[in-house]
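**Student:** So that we are looking at the same thing, I have put the structure below in structure tokens.
The numbers here are math on the coordinates, done by the rules we state, and not lab data. The shown structure was predicted, so the numbers you read here are calculated from the model rather than taken from an experiment. Because the Cβ atoms are built from the backbone with ideal geometry, glycine has one as well, and the counts that use them run over all protein chains shown.
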Amino acid sequence: MKPDEACRRKIIDGKAIARALTESIKDKVEHFRVETGKIPGLAVVLVGNDPASEVYVKNKAIQTHRAGMRSFMHMLPETTAQDELLELIARLNADAAIHGILVQLPLPKHLDRNIVINAIAPHKDVDGLGEANAGRLSLGMDGHVPCTPLGCLKLLQETLGTLRGLHAVIIGASNLVGKPMAQLLLRQGCTVSIAHIDTKDPGSLARQGDILIVAVGKAELVPGDWVKPGATVIDVGITRMDLPDGKTRLVGDVAFDDALEKAAFITPVPGGVGPMTIACLLSNTFDAACEADKGV
Ligand code: NAD
């Protein structure tokens, strides 16, 4: 086997895995429509005009339509008052055509993220970030699981099968990624270590990981020599990097080329975790529609 082909086979194709998941959701949505006469609906709320967030919410709308679901976009100005946003969320909570609500983060500074996220009814909180769903996850109960860590878990399971007994090291401890990721991996029987900004010598911890998940948001923070030989690396970070020729390039939190030499498997940026995040959002929305239909 040529070395370049050997390297290519180590790269986890998030796009392909996400496409397969979206196709299976599309089939289930069609069955659901025929059986119940209902169509799952996802409302996405964006406040302000952060260019990256605009791209993310447009992608979410496109994928929602592709899966046969209804998409409701609410693009609000940067100056939106918290009360106005809470009123919109209350209307969406009460709207039977909407099964999932996602408020795109980050929010402008004058809005209180915790108050806004917790205003979403837990059964419609398909991003799983409210205190009800976060609590259920940490107690090992069913609920909506945050889409990005759920996508990472699916990539790991697709690549490795069982994760039981593996040591997973997570760099980054946010509510959005690191903490729910740790809960999900504990449930799978992993031994979990979490590093964060105050961790002394994160490299020596990272080198112990059979699984290394990095969600920090600092371009190429993790050099190749932080990767244990044969580890599986999931790179959640996305940073737009300026190039000398004036163009830009998306890079992850891991120095990809060096890590590729050490790892057994690794996700690329872009084309790794990102597509899985959207596919898992669709999956959570479909589950929410099924629960609403059953009157759960
Ligand atoms: P965050 O800023 O909320 O959290 C960052 C975490 O990294 C914190 O726990 C912090 O303590 C830790 N950290 C910061 N510097 C560190 C360092 N030098 N060493 C070790 N730990 C350090 O970020 P977030 O919302 O979790 O997002 C992280 C990255 O993941 C960002 O690049 C974001 O764009 C990306 N992201 C991607 C997706 C996707 O779908 N692909 C989804 C969510 C987030």
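**Student:** State the antiparallel share, in %, of DSSP beta bridges confined to the stretch 147-274, rounding to the nearest 5. Mind dumping the intermediate values first?
**Tutor:** Numbers: 4 of 20 bridges.
Approximately 20 percent, going by the DSSP bridge assignments.
**Student:** Just the isolated ones, please: cysteines in the chain lacking another cysteine beta carbon under 4.7 angstrom.
**Tutor:** Unpaired cysteines in the chain: C7, C152, C190, C290.
**Student:** Next question. What spacing in nm lies between the two simple spin-label points modelled at R70 and S204, each 7 Å away from Cα in the Cβ direction?
**Tutor:** Modelled inter-label distance: 5.8 nm.
**Student:** Further question on the same structure: How large is the charge dipole for the chain, taken about the Cα centre, if only the Cβ atoms of Lys, Arg (+1) and Asp, Glu (-1) carry charge, to the nearest 20 debye? Spell out each step's value before the answer.
**Tutor:** Details: 32 positive and 35 negative charges, 119 e Å.
That gives a dipole near 560 debye.
**Student:** A further question follows. If you take all C-alpha pairs in the stretch 39-123, what percent of them are over 22 Å apart? Walk me through the intermediate numbers first.
**Tutor:** Values: 789 of 3570 pairs.
I get 22 percent for the Cα pairs in the stretch 39-123 exceeding 22 Å.
**Student:** Also, I was wondering about something else. How large is the helix-only mean residue ellipticity at 222 nm for the chain, computed as the sum of -39500 (n - 2.57) over DSSP H runs with n ≥ 4, divided by its residue count, in deg cm²/dmol to the nearest 500? It would help to have the intermediate numbers written out before the result.
**Tutor:** Values: 11 runs with 133 residues, N = 296.
Calculated from helices alone, the mean residue ellipticity at 222 nm is -14000 deg cm²/dmol.
**Student:** Let a ≥ b ≥ c be the square roots of the eigenvalues of the Cα gyration tensor of the stretch 145-220; is it rounded (a/c under 1.5), or, if not, prolate (a/b larger than b/c) or oblate?
**Tutor:** Cα axes put the stretch 145-220 in the oblate bin.
**Student:** Using DSSP to define loop residues, name the GluC sites (Glu not before Pro) in the stretch 1-81 whose beta-carbon has at most 14 other beta-carbon atoms within 10 Å.
**Tutor:** Working: sites: E5, E23, E30, E35, E54, E78; in loops: E78.
Hits after loop and neighbour filter: E78.
**Student:** Counting only residues 5 or more places away or on other chains, whose amide H sits under 5 Å from the amide H of I171 once H atoms are built in the peptide plane?
**Tutor:** Amide H to amide H, under 5 Å and 5 or more residues apart or across chains, I171 pairs with A195, I213, V214, A215.
**Student:** Tell me, what is the Rg over Rh of the stretch 245-296, with Rh the Kirkwood radius over Cα pairs? Walk me through the numbers before you get to the answer.
**Tutor:** On the way: Rg = 17.8 Å, Rh = 14.1 Å.
Dividing the radius of gyration by the Kirkwood radius yields 1.27.
**Student:** Could you state the per residue volume, in Å³, of the convex hull enclosing the Cα atoms of the chain? Working shown, then result.
**Tutor:** Numbers: hull volume 43.5 nm³, N = 296.
Value for the chain: 147 Å³ per residue.
**Student:** Got a sec to turn the phi values of the stretch 249-263 into Karplus ³J(HN,Hα) couplings, 6.51 cos²θ - 1.76 cosθ + 1.60 with θ = phi - 60°, whole Hz, x for Gly and Pro?
**Tutor:** Once θ is set to phi - 60°, the couplings for the stretch 249-263 become 9, 7, 10, x, 8, 10, 6, 4, 4, 5, 5, 4, 5, 8, 7 Hz.
**Student:** Residues with beta-carbon under 14 Å from that of P275, excluding P275: net charge, scoring Lys, Arg +1 and Asp, Glu -1? Each step should come with its number before you reach the end.
**Tutor:** On the way: positive: K15, R19, K60, R66, K154; negative: D13, E23, E158, D235.
Around P275, the charge tally is +1.
**Student:** Kirkwood Rh, Cα Rg: Rg to Rh for the stretch 77-125? Could you put the intermediate results ahead of the total?
**Tutor:** Numbers: Rg = 10.6 Å, Rh = 11.2 Å.
Rg divided by Rh gives 0.95.
**Student:** What share of all Cα pairs of the stretch 55-202, in percent, falls into each consecutive 10 Å distance bin?
**Tutor:** The percentages, shortest bin first, are 10, 34, 34, 18, 4, 0.
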